[in-house]
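Trainee: Below you will find the structure I want to go over with you.
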Amino acid sequence: MIDKQLLTQEIEKDLEGTDLFLVDLTVSPDNRIVVEIDSCRGVDIEDCTRLTQQIESAFDRDVEDYELEVGSAGLTSPFKVKGQYEKNIGNEIEVLTRDGRKLTGTLQSVSPDGAAFTMTVKEKVKEEGKKRPVIVDRSVEMNVADTRTVRYLLSFK
């Protein structure tokens, strides 16, 4: 079986100096390797092809056979790494919390260690002296560990 740690090191070395980052890597017991990458500018076929060739040159199929798939993280896939949060600052996101709440808002920032993020949500508030509630922006800080999924909210306006 392909060593996942060695493969991770090779991929990170290959991505060094580029704006690409590793999102996910899976190696199944039957040596099916799936690599997900992303970047702030997006990922094109040339990026995937170049990384595929780098991996194939580092891991000889004659020594150990494997199936390799290199692709970009899906647009609506849940965030897995800090780079995905950074990429989506200013965008609408949807958060499903561990306690079952669903929040929608604009991603404002991510902590330096990637363990927390801040988003702005719209909230109805009954202001004193007003007959109807008004909608206000409220800043919410969340720990990534307190979320089930965080994803880019695709909307067609």
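Trainee: For the chain, set up a GNM with springs between Cα atoms under 10 Å and report which of GLY90, GLY74, GLY100 has the largest fluctuation.
Mentor: Looking only at GLY90, GLY74, GLY100, the biggest GNM fluctuation is shown by GLY100.
Trainee: Quick one: if the Förster radius is 22 Å, what FRET efficiency do MET1 and ARG50 give, using the C-beta to C-beta distance and rounding to 0.05? Spell out each step's value before the answer.
Mentor: Working: r = 25 Å, r/R0 = 1.14.
Given R0 = 22 Å and the Cβ-Cβ separation, E is 0.30.
Trainee: Could you work out the relative contact order of the chain, using alpha carbon pairs under 8 angstrom and six or more residues apart, expressed as a whole percent? All intermediate terms of the calculation are to be shown ahead of the outcome.
Mentor: Values: 258 pairs, mean separation 28.4, N = 157.
It rounds to 18 percent for the chain.
Trainee: Run the quick spin-label model on THR104 and GLU123: label points 7 Å from Cα toward the beta carbon, then report their separation in nm to one decimal.
Mentor: 1.8
Trainee: Please list, by residue number, every one of the GluC sites (Glu not before Pro) in the stretch 47-142 that is coil in DSSP and has at most 14 other beta-carbon atoms within 10 Å. Show your work: numbers first, answer last.
Mentor: Numbers: sites: GLU56, GLU64, GLU67, GLU69, GLU86, GLU92, GLU94, GLU123, GLU127, GLU128, GLU141; in loops: GLU64, GLU127, GLU128.
When the GluC sites (Glu not before Pro) of the stretch 47-142 are filtered for loop state and at most 14 Cβ neighbours within 10 Å, GLU64, GLU127, GLU128 remain.
Trainee: Moving to a separate point now. In Å and whole numbers, how far do the C-alpha atoms of the chain stretch along each principal axis, longest first?
Mentor: Reported extents, whole Å, longest axis first: 77, 29, 29.
Trainee: Given all pairs of different Cα atoms, what value in angstroms does the Kirkwood hydrodynamic radius of the stretch 27-79 take?
Mentor: Details: mean 1/r = 0.0819 Å⁻¹.
Its Kirkwood hydrodynamic radius stands at 12.2 Å.
Trainee: Ok, one more. Compute the helix-to-body angle for 45-58: its Cα long axis versus the longest principal axis of the chain, expressed 0 to 90° and rounded to tens.
Mentor: The angle comes out near 40 degrees.
Trainee: Please state, to two decimals, what the Cα-based radius of gyration of the stretch 1-53 comes to when divided by 2.2 N^0.38 Å (N = residues). Each step should come with its number before you reach the end.
Mentor: Working: Rg = 11.2 Å, N = 53, 2.2 N^0.38 = 9.9 Å.
Expressed relative to 2.2 N^0.38 Å, the Cα Rg reads 1.13.
Trainee: How far is it, in nm, from the label point at ILE89 to the one at ILE135 when both lie 7 Å from their Cα along the line to the Cβ?
Mentor: Reported label-point gap for ILE89 and ILE135 is 2.6 nm.
Every number in this text was worked out from the coordinates using simple rules, so none of it is lab data. From a predicted model like this one, the values you see are computed outputs, not experimental measurements. Methodologically, a virtual Cβ is constructed for each residue, glycine included, from the backbone with ideal geometry; neighbour enumeration extends over all protein chains shown.
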